[in-house]
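Read-outs throughout are calculated quantities, based only on the coordinates presented, and are distinct from any laboratory measurement. Note that the structure is a prediction, hence the values are computed from the model and not measured. In this analysis, Cβ positions are derived from the backbone assuming ideal geometry, glycine residues included, and neighbour counts consider all displayed protein chains.
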Amino acid sequence: MSGPTTYSLTVNGRAVEVQADDDAPLLHVLRHDLGLAGPRFGCGVGLCGACFVLLDGSPAPSCDTPMWSVIGKTVVTVEGLADGDSLHPVQQAFLDEQAAQCGFCVSGVLVSAAALLAAEPRPTEEQVAGSLDRNLCRCGVQRRMVAAVLRAATGAGPDGHSPGDES
Ligand code: FES
Ligand code: FES
């Protein structure tokens, strides 16, 4: 029986080395070896979105992603969205819209939203809703989440106005 493998990964812009079994879920390594508690364990089978991270820029369920499959990939968790002390626009918008209730699903939602905004900086409401399709929220605040992502896309301030908006 072979032992753990040494994996060299880039996580949140930092090169890290971890020992893990080839079939170990990325989520386990992130939470327990790297101390990144943002991605949550929900369903464990890729169906709820609570554990989503960006793998080479695309949202992916880290609970259902074995370590052997992440070799050479870049991983970004919710902790990696902010730029130093500056929140990612969608993080700020979630605060402004008070778009979280219990918060359990939010790290996965933010990751999905950040991926959408990177690909489509001015999404429609339908595109936003579609991008969050795989993120379940048992608190039922999806509408506020969609509003927050749209706010992030327009750069609207807490009063709903965009910077430089005279009206
Ligand atoms: S915990 Fe990974 S998708 Fe549900
Ligand atoms: S805010 Fe509670 S599950 Fe989404």
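Okay, here's what the table says:
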{"item": "Whole-number percent relative contact order across the chain, with pairs defined as alpha carbons under 8 Å at least 6 apart", "result": "21"}
{"item": "Residue 22 long-range amide H proximity, modeled H, under 5 Å", "result": "5"}
{"item": "Helix 106-119 axis, angle to the chain major axis (alpha carbon atoms, nearest 10°)", "result": "70"}
{"item": "20 Å tail of the calculated P(r), segment 35-167, as % of Cα pairs", "result": "43"}
{"item": "Segment 1-68: chymotrypsin sites (Phe, Trp or Tyr not before Pro) in DSSP coil with no more than 16 other Cβ atoms inside 10 Å", "result": "41"}
